[in-house]
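Asker: Below: one structure in structure tokens.
The values are calculated or read from the model by the stated rules, or taken from the named source; none is laboratory data. Note that the structure is predicted; figures quoted are calculated from it, not measured. Virtual Cβ from ideal backbone geometry, glycine too; neighbours counted across all protein chains shown.
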Amino acid sequence: MSSKRLLEQEILASFDRGEWKPVRNQKGEIARFQAAAKATLLKNKRVNIRLSSRDLEGLQAKAAEEGVPYQTLMASVLHKFVSGRLVEAQRRIATRSSRTARKRAAA
């Protein structure tokens, strides 16, 4: 028997033994928990991180290109990373041997 089915049977047996009590003001309790869930999802938290001056200047430059504050850009990049939507661009890294080969071909 699956663990889900066993859990359901346990809950049903507990109910049959009278171990469950009704919630007073059920609508109020539901509204309270819904409000708490929404507030949890909407809360912004402050975070302090250390960056090199070079990285910070790069972020500020990219943010200026995009026309957004650099903190907003940082939050967006981190959100995309966490949600799995940040895609690394494929870039070709030239090695010394490939640069040398291109120079020879051009000569």
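Asker: Kindly indicate whether residue 48 is modelled with pLDDT of 90 or more, surrounded by fewer than 10 Cβ atoms within 10 Å (Cβ to Cβ) and either assigned to a loop (DSSP other than H, G, I, E, B) or of a type in the set (Val, Ile, Thr) (or both).
Answerer: So residue 48 passes the test.
Asker: Then there is this: Looking only at region 13-45, filter to residues that are of a type in the set (Lys, Arg) and more than 36 Å from the chain's Cα centre (by Cα); which one of those is farthest from residue 75 (Cα to Cα)? Even if it seems obvious, please write down each step before you answer.
Answerer: Of the residues in region 13-45, the ones of a type in the set (Lys, Arg) are 17, 21, 24, 27, 32, 38, 43, 45.
Subsequent filtering for residues that are more than 36 Å from the chain's Cα centre (by Cα) retains 17, 21, 24.
Values: 17: 51, 21: 45, 24: 42 Å.
Out of the qualifying residues, it is 17.
Asker: Something else now. Tally the residues that are modelled with pLDDT under 85 and closer than 21 Å to residue 49 by Cβ, restricting the search to region 84-107.
Answerer: Qualifying residue count for the region: 1.
Asker: For region 51-83, enumerate the residues that are assigned to a loop (DSSP other than H, G, I, E, B) and modelled with pLDDT of 90 or more.
Answerer: Listed by number, the residues that qualify are 51, 52, 67, 68, 69.
Asker: When the residues of region 1-37 are narrowed to those that are of a type in the set (Lys, Arg) and part of a helix (DSSP H, G or I), which ends up surrounded by the most Cβ atoms within 10 Å (Cβ to Cβ)?
Answerer: Per the criteria, the residue is 32.
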